[in-house]
Amino acid sequence: MKKVCFIGSCGHSGSAVSVICDNPAKFEVPAVCAGAAGVSMEKVVKNLTAKGFPAPKEYLDYQEMLDQEKPDILVVDAYFCDHAKMSIAALERGIHVYCEKPAATTLEDLDQLEAAYRKAKEKGVHFAYMLTTRYDPWFYTAYQAVQQGAVGEIRMLNGQKSYKAGKRGVLYHQRDTYGGTIPWVGIHALDWVLWFSGKRVKTVSAVQSAIANNNNGSMEATAICLFQLEDEVVAHINIDYLRPQTASTHGDDRIRIAGTKGVIEVRGGQVYLINGGAQGEQTLPLQQPPKIFQDFVESLNGEKACTITAEQSLYFTRVCLTAQKSADSGLLIEM
């Protein structure tokens, strides 16, 4: 049985809660901590108790929680600016970390997190973060097709993340706590680009704007990032909070991958392929991926390798923070 503690409930901690609730014999949740003023753990607690779990103890100090409860896994889902220090606190105690993205909001914090992870890794401690869209059936299916050679050698990738802005909480209203739209939203599209291509970034340039952000402080509403990858592969991602409230879904996630033998696209929750295997556009049947937190836990047990590695989690964070730096400075940056 795995002992799991939670800090915060600002993002995708529900991806852990759902797996825990479905497997009561495999998990216990002795305690939670909000991690910041104004953060509520009510939804996490309610979901757990509704499935028969005892109400977890609520701590005011997350470090006290870690010292007293000594969990096997810490779910970090607090204010984005605090992810790095909270993850470091767990890693230094030998606790596995399942962290909301971004893993850090500054390059300095990321450097410290990477150093802590390198030491923890030597002791068998794992780290991964919540790139949940990698586990969507459409992206998972497209990835499998690309790995099987459906488009040949990849030469270009175009990704899109579009969300409804709505009225966001104060976390999103300033860079100090939010970290920026590129590392919060854009990291999903960057993940697809680097995951599908298997390439590293050579140069990055980016632009962004906070205009038309529905009065959400300084939160950037639009951004575009351009990447030169290894082997002269080119990629770009566009990010926005301009999706109309009348849209049927909160997000509009897309990627287009062009290769030497074909083109594959994900849009509207479907996968479309054009190559020499058939006339016209094919709609690929969707495959069912594992659940993200289940995948992480099974990797701790040595049953399998996690689909998202710590190295990817930290490197992709670095690329996004560098893209944010490019957008802030107006400079093309080499990596």
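The values are calculated or read from the model by the stated rules, or taken from the named source; none is laboratory data. Here the structure is a predicted model, which is why all the values come from computation and not from measurement. FYI the Cβ positions are ideal-geometry reconstructions off the backbone, even for glycines, and counts take in every protein chain you see. What goes into the accessible areas is simple: the full protein's heavy atoms, side chains included, and nothing from ligands, DNA or RNA. Shrake-Rupley method; radii C 1.70, N 1.55, O 1.52, S 1.80 Å.
Brief remarks on what is shown
- Qualifying positions in segment 280-335 - touching a strand residue (DSSP E or B) at 6+ places or on another chain (Cβ under 7 Å), more than 19 Å from Asp136 (Cα to Cα) and β-branched (Val, Ile, Thr): Val319, Thr322, Ile333
- When Ile237, Ile224, Ile255 are checked against the criterion of being open to solvent by 30 Å² or more (accessible area, probe 1.4 Å) and more than 22 Å from Ala84 (Cβ to Cβ), Ile224 stands alone in meeting it.
- Sub-8 Å Cβ pairs linking a first residue in segment 96-115 that is at pLDDT 95 or above and buried (at least 18 other Cβ atoms within 10 Å of the Cβ) to a second residue that is among the acidic types (Asp, Glu) and not in a helix (DSSP H, G or I), at least 6 apart or interchain, are His96/Asp72; Cys99/Asp77; Glu100/Asp77, ordered by first then second residue.
- Matching residues in segment 300-335 - criterion: being surrounded by fewer than 19 Cβ atoms within 10 Å (Cβ to Cβ), small (Gly, Ala, Ser) and on the phi < 0 side of the Ramachandran plot: Ala305, Ser329
- Counting only residues that are touching a Cys at 6+ places or on another chain (Cβ under 8 Å) and surrounded by 19 or more Cβ atoms within 10 Å (Cβ to Cβ), segment 132-176 holds 1 of them.
- Lys43 being closer than 19 Å to Thr132 by Cβ and open to solvent by 70 Å² or more (accessible area, probe 1.4 Å): yes
- Residue count for segment 183-219 under the criterion of being assigned to a helix (DSSP H, G or I) and either of a type in the set (Lys, Arg) or under 13 Å from Phe80 (Cα atoms) (or both): the result is 3.
- Selection from segment 126-163 of residues that are in contact with a Gly (Cβ under 7 Å, 6 or more places away or on another chain) and not in a strand (DSSP E or B): Met130, Trp138, Ala150, Val151, Gly152, Glu153
- Test result for Val44, under 15 Å from Ser18 (Cα atoms), under 22 Å from the mean Cα position of the chain (by Cα) and at pLDDT 95 or above: yes
- Meets criteria (aliphatic (A, V, I, L, M) and either buried (at least 17 other Cβ atoms within 10 Å of the Cβ) or under 25 Å from Glu298 (Cα atoms) (or both)) for Ala25: yes
- Residue check, Lys123 open to solvent by less than 20 Å² (accessible area, probe 1.4 Å), basic (Lys, Arg) and either part of a loop (DSSP other than H, G, I, E, B) or in contact with a helix residue (DSSP H, G or I) (Cβ under 6 Å, 6 or more places away or on another chain) (or both): no
- Listed conditions (1) modelled with pLDDT under 95; (2) part of a strand (DSSP E or B); (3) not acidic (Asp, Glu) are all met by Phe227, apart from (1).
- Selection status of Asp72, under 20 Å from Val297 (Cα atoms), at pLDDT 95 or above, open to solvent by less than 10 Å² (accessible area, probe 1.4 Å) and touching a strand residue (DSSP E or B) at 6+ places or on another chain (Cβ under 8 Å): no
- Scan of segment 54-95 for residues that are among the small types (Gly, Ala, Ser) and touching a residue at least 12 places away in the same chain (Cβ under 8 Å), ordered by number: Ala78, Ala84, Ser87, Ala89, Ala90, Gly94
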